[in-house]
There are 2 protein chains.
Amino acid sequence: MTCPFEKIYPSELNRDASYYMTHAYNEAIEAWKKDEVPIGAVIEHNGRIIAAAHNQSRTANDPTAHAEILAISQAANTLGDWRLNECTLYVTKEPCPMCSGALVIARIGKVYYGLPDPKMGCVGGATDLGALPRSNHKFESTGGVLEELNHQILKAFFDKKRLENKERKTLDSE
Amino acid sequence: MTCPFEKIYPSELNRDASYYMTHAYNEAIEAWKKDEVPIGAVIEHNGRIIAAAHNQSRTANDPTAHAEILAISQAANTLGDWRLNECTLYVTKEPCPMCSGALVIARIGKVYYGLPDPKMGCVGGATDLGALPRSNHKFESTGGVLEELNHQILKAFFDKKRLENKERKTLDSE
């Protein structure tokens, strides 16, 4: 699949939230190329990206193959430790219930996300699993990082899907 | 690792919740044998067990390798569909935040669990992700299936771990 969005290569000198989020966004473009909902994630540890993944649930035919889950597995494998307290996750859209829960279980240090999801997002949108009252692990989240960019790619993907479905239905009824 | 608990083989003629939960319990015994927290899960579809898994997070060094996540991946693979609306999951302990969220994402039909977990369980204990107000998919859960059996195996495992840690500390201080 061709993707109408192009990857962005940020300066390596300024490793702020936008830097890491841009890499997550580039992963989202990889997802689009596989006809997957374009969501990407990276995990940072000591200023280095130790995991980068994109949504693969359709390709893998596995509902658990979200960007964040794949990135968490990678990061734990890289560090040789399943506890990611010293890590920060950057993801293009607010994590779903499963991925938000995975961040609790993996004891992630901090989360930055792009587009908020008040309907299904679970680090502040629909609920906040990072703040379960009796949980041994809590974490903070900051949304809205490169929000417009991350919104545009998701919107364009779903607009395209809707158009394709409409065209298919028109063809079917002819 | 030897496990002091023995597998139970229920009659194939009475496929009620206890039947499926017994198979989940047998998976928990497999987890213990690997020195993993003994939690097991099975997924039923049309009266047949299409997925059976146990916690492997320590062995796999992967915080996402919980019994339910592995069972969901298996079931989606078996059915060739990531939507598990016609499936029921049986798990020995109330699912954690990640696994409860995965059940939403995989559109599970129904959930039975053994031991309730008011602290971290997210299908009614700490919160109920199966009932997020704006979610497109909701599901019901029933707890307390073979609760005593599922409680005993978890309690015995953690008692053993506490004893081992105590003995290690005593040796270290000598």
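Nothing in this text is a laboratory measurement; each read-out follows from the coordinates by a stated rule. No experiment lies behind these values; they were computed from the predicted model shown. So basically every Cβ, Gly included, is an ideal-geometry build from the backbone, and we count neighbours across all protein chains shown.
I want to confirm something. Restricting to the range B:24-73 and keeping residues that are within 15 Å of B:ALA156 (Cα to Cα) and touching a Lys or Arg at 6+ places or on another chain (Cβ under 6 Å), which single residue is farthest from the other protein chains (Cβ to nearest Cβ)?
Restricting to residues being within 15 Å of B:ALA156 (Cα to Cα) and touching a Lys or Arg at 6+ places or on another chain (Cβ under 6 Å), the top hit is B:ILE29.
Tell me, please, whether a residue that is touching a Leu at 6+ places or on another chain (Cβ under 9 Å), buried (at least 21 other Cβ atoms within 10 Å of the Cβ) and under 23 Å from A:GLN74 (Cβ atoms) can be found in the range B:39-51.
no
The rows are residues; the columns are (1) under 16 Å from A:VAL104 (Cα atoms); (2) small (Gly, Ala, Ser); (3) in contact with a strand residue (DSSP E or B) (Cβ under 6 Å, 6 or more places away or on another chain).
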site: A:LYS119; (1), (2), (3): no, no, no
site: A:LEU132; (1), (2), (3): yes, no, no
site: A:GLY144; (1), (2), (3): no, yes, no
site: A:PHE157; (1), (2), (3): no, no, no
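How many residues are of a type in the set (Ser, Thr, Tyr), more than 10 Å from chain B (Cβ to nearest Cβ) and more than 23 Å from B:ARG134 (Cα to Cα) if we restrict to the range A:119-173?
Result for the range A:119-173: 2.
State the number of residues belonging to the range B:114-151 that are among the small types (Gly, Ala, Ser) and on the phi > 0 side of the Ramachandran plot. Walk me through how you get there before you give the answer.
Pass one, the range B:114-151, residues among the small types (Gly, Ala, Ser): B:114, B:121, B:124-126, B:130-131, B:135, B:141, B:143-144.
Within this subset, residues satisfying the condition of being on the phi > 0 side of the Ramachandran plot are B:124, B:144.
Result for the range B:114-151: 2.
Looking only at the range B:80-118, count every residue that is within 9 Å of chain A (Cβ to nearest Cβ), surrounded by fewer than 18 Cβ atoms within 10 Å (Cβ to Cβ) and over 16 Å from the mean Cα position of the chain (by Cα) and tell me the total.
Residues that pass the stated criteria total 3.
Kindly provide the set of residues from the range A:121-160 that are surrounded by 15 or more Cβ atoms within 10 Å (Cβ to Cβ), aliphatic (A, V, I, L, M) and assigned to a helix (DSSP H, G or I), ordered by number.
Within the range A:121-160, A:LEU129, A:LEU149, A:ILE153, A:LEU154, A:ALA156 meet the criteria.
Among what's in the range A:62-113 and is touching a helix residue (DSSP H, G or I) at 6+ places or on another chain (Cβ under 8 Å) and among the polar types (S, T, N, Q), pick the residue that is farthest from A:ARG134 (Cα to Cα).
A:THR92
Can you tell me which condition A:PRO63 does not meet? The list is (1) in a loop (DSSP other than H, G, I, E, B); (2) crowded, with 23+ Cβ neighbours inside 10 Å; (3) under 11 Å from the mean Cα position of the chain (by Cα), and all the others hold.
(3)
Taking the range B:18-37 as the region of interest, how many residues are charged (D, E, K, R) and surrounded by fewer than 21 Cβ atoms within 10 Å (Cβ to Cβ)?
Going through the range B:18-37 one residue at a time, the tally reaches 4.
Residues B:THR78, B:THR92, B:THR64, B:THR59: which one is touching a strand residue (DSSP E or B) at 6+ places or on another chain (Cβ under 8 Å) and closer than 28 Å to A:LYS138 by Cα?
Every option except B:THR92 fails the conditions.
Could you run through the range A:107-143 and say how many residues are in contact with a Lys or Arg (Cβ under 9 Å, 6 or more places away or on another chain) and closer than 22 Å to A:VAL37 by Cβ?
12
How many of the residues in the range B:145-160 are free of Cβ contacts under 8 Å to residues at least 40 places away in the same chain and in contact with a Leu (Cβ under 8 Å, 6 or more places away or on another chain)?
Qualifying residue count for the region: 2.
Is it fair to say A:SER18 is within 14 Å of another protein chain (Cβ to nearest Cβ), among the hydroxyl-bearing types (Ser, Thr, Tyr), over 10 Å from the mean Cα position of the chain (by Cα) and within 28 Å of A:ALA131 (Cβ to Cβ)?
It is false that A:SER18 is within 14 Å of another protein chain (Cβ to nearest Cβ), among the hydroxyl-bearing types (Ser, Thr, Tyr), over 10 Å from the mean Cα position of the chain (by Cα) and within 28 Å of A:ALA131 (Cβ to Cβ).
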